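The values are calculated or read from the model by the stated rules, or taken from the named source; none is laboratory data. Worth saying up front: this structure is predicted, and the values here are computed from it rather than measured. As a convention, Cβ positions derive from the backbone with ideal geometry for all residues, glycine included, and neighbour counts pool all protein chains shown. Side chains are part of the model used for accessible areas, which takes the heavy atoms of the whole protein and leaves out ligands, DNA and RNA. Shrake-Rupley method; radii C 1.70, N 1.55, O 1.52, S 1.80 Å.
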Amino acid sequence: MHLLRLLVCCAAPAAQAQAPAAPEHVVQAALLYNFAAYTDWPPPPAETIEFCVIGSPPVFEALSSLQNKKIKGKALEIKTITTIAQAASCHVLFVGLAEHKKIHTMNQLMPAPPLLLVAEENDFDLQDVVIALRKQDGRYTFKINQTAAQARALNLSSRLLKLATLVY
């Protein structure tokens, strides 16, 4: 079911939709939820899956609506962070455009934590990000850095990998 939602979010151009397109931050939150649903973290298993957002209050608000949802039987915990040190307990971290400069710093301070690091694609080094989102022609696509995922001991589902426009 989650994969179907992911396909709908990524594949259906907004111009073809009968209903008004969902706000951008709602689509990004749905993608984050689905990315997490198709990711396995290393043991020991956590009791919750912690979603963190830095630099994007609208995405944080959209994710907050998922507070009572579960992924793989684990409750979601949603929080906004303002410093890199606060990312230490996160399982999923979405970095807004305004905070891209912190991605490289975070990777220097916290080398390869088991963190699903997702950011909007921009002119930054993609080697520091596991999933890069890109909005093009009214729809979202994404690239997956499998090398970064493996370095972080994350196992991304083959079904998720097949949906990426690029896996490197």
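For the stretch 104-142, the set of residues classified as touching a strand residue (DSSP E or B) at 6+ places or on another chain (Cβ under 9 Å) and open to solvent by 50 Å² or more (accessible area, probe 1.4 Å) consists of N122, R134, K135, listed by residue number. Criterion first (in contact (Cβ under 8 Å) with a residue 24 or more places away in the chain and either open to solvent by 50 Å² or more (accessible area, probe 1.4 Å) or among the acidic types (D, E) (or both)) does L163 satisfy it? Yes, satisfied.
Residue pairs whose Cβ atoms lie under 6 Å apart, separated by 6 or more positions or on different chains, with the first residue in the stretch 89-101 and free of Cβ contacts under 8 Å to residues at least 40 places away in the same chain and the second assigned to a strand (DSSP E or B), are S89/E50. Remark: pairs (first residue in the stretch 103-118, more than 10 Å from A88 (Cα to Cα); second residue of a type in the set (D, E) and open to solvent by 30 Å² or more (accessible area, probe 1.4 Å); Cβ separation under 9 Å; 6+ apart in sequence or on different chains) = I103/D125; H104/D125. The set of residues in the stretch 120-132 being of a type in the set (A, V, I, L, M), at pLDDT below 95 and not in a loop (DSSP other than H, G, I, E, B) consists of L126 alone. There is at least one residue in the stretch 80-101 that is open to solvent by 60 Å² or more (accessible area, probe 1.4 Å), hydroxyl-bearing (S, T, Y) and in a strand (DSSP E or B). Report, by residue number, each residue of the stretch 136-168 that is part of a loop (DSSP other than H, G, I, E, B) and hydrophobic (A, V, I, L, M, F, W, C). Of everything in the stretch 136-168, those that are part of a loop (DSSP other than H, G, I, E, B) and hydrophobic (A, V, I, L, M, F, W, C) turn out to be A153, L154, A164.
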